[in-house]
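Notes to accompany the following structure.
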Amino acid sequence: MVTNRTILPGLLIGIAFLAACSERSATTAPSADAVSLSPAGFIGDRPYTWSLKCSGNLYSQAKWSWTTGGVTITGTEMSLLCSSDLSGGGTRPAAADGFSACVNYTCQTWTFDAATGFRTHLKGSFTGGFDFQNPKCDIFSRSNPSSCYLTATATLTIDS
């Protein structure tokens, strides 16, 4: 029997590699605890979506962050200005058990079970500034109609 001396070493290395990869002893197999699911069936960070619906004749502002134990989780802060509707998405950290948001100076915090989904909305309105371009408005009058004052209204919706 004639053997090819150039193929044999590569074949032996391939067999050894295959045997090493198929080894599933207690020291190389993953722990059963590492793959068990949380009660909600989710492991790790979660995606979330947000929408900010804005109206009025002033810009609206919104800011929010995910929290754990009431403390902001670094890197989760968002801050936006809008005059029309915006939407997007992000990542809710696995450790998040709370959420904090402000919309046009209306602020609120929520707590929830980190293993479950979370959905909320927050609406805020702001009236400030005077409409100098409106001929019906007189800065010196005490009886200006409400249309003389500029407003901003926004609603933030979060779903994770």
I'd like the full set of residues that are of a type in the set (A, V, I, L, M, F, W, C) and either over 17 Å from Ser160 (Cβ atoms) or loosely packed, with under 14 Cβ neighbours inside 10 Å (or both), limited to region 64-94. Val71, Leu80, Leu81, Cys82, Leu86
Consider Gln61 carefully, then state whether it is crowded, with 18+ Cβ neighbours inside 10 Å and either out of contact with any Gly (no Cβ under 7 Å at 6 or more places or on another chain) or not hydrophobic (A, V, I, L, M, F, W, C) (or both). yes
Could you grab me the full set of residues in region 30-60 that are at pLDDT 50 or above, of a type in the set (A, V, I, L, M, F, W, C) and outside any strand (DSSP E or B)? Phe42, Ile43, Leu58
List the pairs whose first member sits in region 45-62 and is within 16 Å of Phe130 (Cα to Cα), whose second member is of a type in the set (D, E, K, R) and outside any strand (DSSP E or B), and whose Cβ atoms are under 8 Å apart, counting only residues at least 6 apart or on separate chains? Asn57/Asp131
Please pick out the residue among Ala154, Ala115 that is of a type in the set (Gly, Ala, Ser) and modelled with pLDDT of 95 or more. Ala154
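The values are calculated or read from the model by the stated rules, or taken from the named source; none is laboratory data. Note that the structure is predicted; figures quoted are calculated from it, not measured. Heads up, the Cβs are rebuilt from the backbone with ideal geometry, glycines too, and the neighbour counts pull from every protein chain shown.
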